[in-house]
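No lab work stands behind these numbers, since they all come straight from the coordinates. Just so it is clear, the model here is predicted, and its values are computed rather than measured. So basically every Cβ, Gly included, is an ideal-geometry build from the backbone, and we count neighbours across all protein chains shown.
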Amino acid sequence: MRNFKLSLCYDGGRYKGWQKQGNTDNTIQDKLEGLLSRLLAQPVEVAGSGRTDAGVHARLQVCSFRAETALSCEELLAALRQYLPEDIGALALEEAEPRFHARLSCREKSYVYRIWNSTEPQVFARNYCWILPEALDIGAMEEAAALLGGEHDFSAFCANKHLKKSAVRNLHSVTITREGPELRLRFTGDGFLYHMVRILTGTLVEVGLHQREAREMPAILASRDRSRAGFTAPAKGLILWEVRY
């Protein structure tokens, strides 16, 4: 049995997220497992580095799977590129060491949230960023972001009300950069909870709009209360940017 590491990119706009679900087969994992199972003539289960939500995109997603096959990585990669839908791209495929697991071996992930912060129209990237014309106080957002970094219980920034596992995560950094009319928020950490990046983004935007104060962040974290944090930013602006091992 061989162990494989597959790197992907995808436009998540028409999918119900990464993870398989009981009520639909329209997920990235479903499409990938179905194709691999047909190509390799055996059941194949794929493990992703993390679960992107419905409508969220990936510049780099990493997954792993095991299979018995005589095909080379080059041959299998070529077949994936031929038969995957055009909005899912196979970037690279390699044989991994036996203990490698895309999620369990992952050390750090980065997400980027794109905001088109201008009254100018954005026609070509409108499906990949949040259109927000109101002026934002970037300095206040950076002040709030600095207070969110480090290891905390992020329950207040999680949409899963019935989370059974620990909500403690280490948010290594949050950076905010402007590229012309576009604002990019980059979140890097050891892991992220359900809707966590989108709720963090919504909260920082509320600070930027002067709807709340930057100094509120420690109290929101300490409350562990979802209602104390900001709204959930739209899915289409979020991209899984990088995965590190």
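Observations
- Evaluated at q = 0.12, 0.17, 0.19 Å⁻¹, the base-10 log of the normalised Debye intensity for the range 108-244, with identical point scatterers placed on the Cα atoms, takes the values -0.43, -0.87, -1.09.
- Of the peptides 52-60, 81-89, 206-214, the order by per-residue mean of other Cβ atoms within 10 Å, starting with the highest, comes out as 52-60, 206-214, 81-89.
- Sum of -39500 (n - 2.57) over DSSP H runs of 4+, divided by residues of the chain (222 nm, nearest 500): -7000 deg cm²/dmol
- Treating each Cα of the range 1-118 as one equal point scatterer and applying the Debye formula with no solvent, the log10 of I(q)/I(0) at q = 0.13, 0.15, 0.17 Å⁻¹ comes out as -0.49, -0.65, -0.83.
- If you take the Cα centroid of the range 145-188 and the Cα centroid of the range 1-40, the two points sit 26 Å apart.
- Those aspartates and glutamates that a straight Cα-Cα span of less than 12 Å connects to LYS20, excepting residues fewer than 8 apart in one chain: ASP30, GLU33, GLU45, ASP53
- Taking 18 Å as the straight-line reach from the Cα of LYS5, the lysines in range (excluding those fewer than 8 positions away in the same chain) are LYS31, LYS109.
- Cα-projected label distance for GLU45 with ILE138, points at 7 Å along beta-carbon direction, nm: 4.7 nm
- FRET efficiency for ALA70 and LEU91, using Cβ-Cβ distance with R0 set to 22 Å, rounded to 0.05: 0.40
- Mean Cα-pair separation over length for the chain, i.e. relative contact order, pairs under 8 Å, 6 or more apart, %: 24 percent
- Listed residues LEU163, LEU183, LEU36, most fluctuating in the chain (Gaussian network, C-alpha, under 10 Å): LEU163
- Across the chain, the fraction of Cα-Cα pairs farther apart than 21 Å, rounded to a whole number, is 59%.
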